[in-house]
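A.B. asks: Mind having a look at this structure? Questions to follow.
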Amino acid sequence: MTLPWLDQAMSSLRTAYHADRMPHALMIHEAPGAGGDWLANWVAQLVLCTEGGQARSHIAPCGHCAGCQRVAAGQHPDLSSVRPIDDSRQIRIEQVRELAQELSLTSHQGGYKVGVLSPADVLNRFAANALLKTLEEPSPRTVLILVATQPSRLPATILSRCQRVRVAAPSRADAVAWLESTRGRGDWKAVLDIVGEAPMLAADSDAAAVVQIGTEVRRGLEEAVAGASDPVATAERWSRAELPLRLRCFENWLTERIRGHFGDPGFLTEVGAVTYLQRPETVLNIRELFELLDGVRDLKSALETPINRSLALEGLLRRLASRGRRDALSMVR
Ligand SMILES: [Zn+2]
């Protein structure tokens, strides 16, 4: 598999490696779901490929030698990956210390050692401090790769020691073409409308199921505004399955309405593109739309914490219903 929108980034990294100018630390700043982890893996293969070797690095990574295969399987002894443990949603200091220890050892293959932190923007303060020490005194032939969608959450002292690699999402047409070539036919345009410009996320999804959930949520929200549904029942149903996806649909639905207010489809580029027409009967106050959007985002980021998801969602649906009712009243007046 290859991601054509990463060609330029891959080519400059390969050139750097070939010229023995591989940076000690990379910050892969990715648009959500645009392939940051894929690129981190590719870099690990680049430096751990046994077929290419540094002298023949123009062919690395070959993708089929033992080194490349082990990286792909997540079982290379010279590659350490650090992710948040279980539900903590944070990368902790013990994990960073363990990684530093691992990177300071001699490589098993006599080549590079690679450490990947993803997502790096969830390093907590203590972990970030510990990482800084490793960045300040890098062991020779080590590459530390940080993958983040919001690198600004990290201390400037860390960012300044990493070479930044920007991974932007491909255009809609390129994303659809890529999804068709890797996953086969499907309504990928509709899937991207729902999950946003996130081809990797779309590629991991069941297109038909995502489209169905998108339609269901849209209908549910319009019913909520019209006061034609029971928020308790809807919240319970949505909390039982695919809640993160449903919240994403909720978020996109609100964003479309906000964009409708501004009449600018280019506004708020981080969320999915507008493809649905504004429904005049569901015109909501702009400030309230933003408040609801904040509410949905708060719930999204709190999903791993022990909150009552159903109750929180019910609260949002009730707010939507009362706004709908009030708007209807103000129109009567
Ligand atoms: Zn290889």
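The values are calculated or read from the model by the stated rules, or taken from the named source; none is laboratory data. Note that the structure is predicted; figures quoted are calculated from it, not measured. Virtual Cβ from ideal backbone geometry, glycine too; neighbours counted across all protein chains shown. For accessibility, only protein heavy atoms count, side chains too; no ligands or nucleic acids. Shrake-Rupley method; radii C 1.70, N 1.55, O 1.52, S 1.80 Å.
A.B. asks: Using +1 at the C-beta of Lys and Arg and -1 at the C-beta of Asp and Glu, which of TRP42, VAL232, HIS29 has the Cα lying farthest in the positive direction of the dipole of the chain?
C.D. replies: It is HIS29.
A.B. asks: Here's another thing I want to ask about it. Enter the Cα centre distance for the pair segment 27-46 and segment 113-161, rounded to the nearest angstrom.
C.D. replies: 15 Å
A.B. asks: Identify the residues of segment 80-96 with backbone N under 20 Å of a label point that sits 7 angstrom from the Cα of LYS133 along the Cα-to-Cβ direction, or state none.
C.D. replies: 80-83, 91-96
A.B. asks: Just order 32-39, 134-141, 75-82 by mean Cβ neighbour count inside 10 Å, highest at the front, would you? Let's see the in-between values first.
C.D. replies: Numbers: 32-39: 22.0, 134-141: 14.1, 75-82: 18.9.
Descending mean neighbour count gives 32-39, 75-82, 134-141.
A.B. asks: Determine, at each q value in 0.09, 0.13, 0.14, 0.15 (inverse angstroms), the log₁₀ of I(q)/I(0) that the Debye formula gives when each Cα of the chain is one equal point scatterer.
C.D. replies: At q = 0.09, 0.13, 0.14, 0.15 Å⁻¹ the computed log10 ratios are -0.57, -1.03, -1.13, -1.22.
A.B. asks: Using modelled amide H (1.01 Å from N, peptide plane; none on Pro or chain starts), what sits under 5 Å from the amide H of GLU30, excluding residues fewer than 5 places away?
C.D. replies: The list, which skips near neighbours in sequence, is ALA148, THR149, VAL167.
A.B. asks: Next question. Would you be so kind as to identify which of ALA156, VAL122, GLN109 lies farthest towards the positive end of the dipole of segment 100-184, taking Lys and Arg as +1 and Asp and Glu as -1 on Cβ and the Cα centre as origin?
C.D. replies: Sorting the options by dipole projection puts first ALA156.
A.B. asks: What accessible area per residue comes out for the chain, rounded to a whole number of Å², with a 1.4 Å probe?
C.D. replies: 50 Å²
A.B. asks: Moving on. Full extension from ARG219 to SER107: what is 0.36 nm times the residue separation minus their Cα-Cα distance, to one decimal in nm?
C.D. replies: Gain in length upon complete extension: 34.7 nm.
A.B. asks: Considering amide H positions built from the backbone, and no H for Pro or chain starts, which residues 5 or more places from LEU144, or on another chain, come under 5 Å of its amide H?
C.D. replies: Close amide H contacts, sequence-distant or interchain: ALA25, LEU26, GLY115.
A.B. asks: On to the next question. What residues have an amide H closer than 5 Å to that of CYS62, excluding those fewer than 5 places away on the same chain, when H is modeled at 1.01 Å from N in the peptide plane?
C.D. replies: GLU51, GLY52
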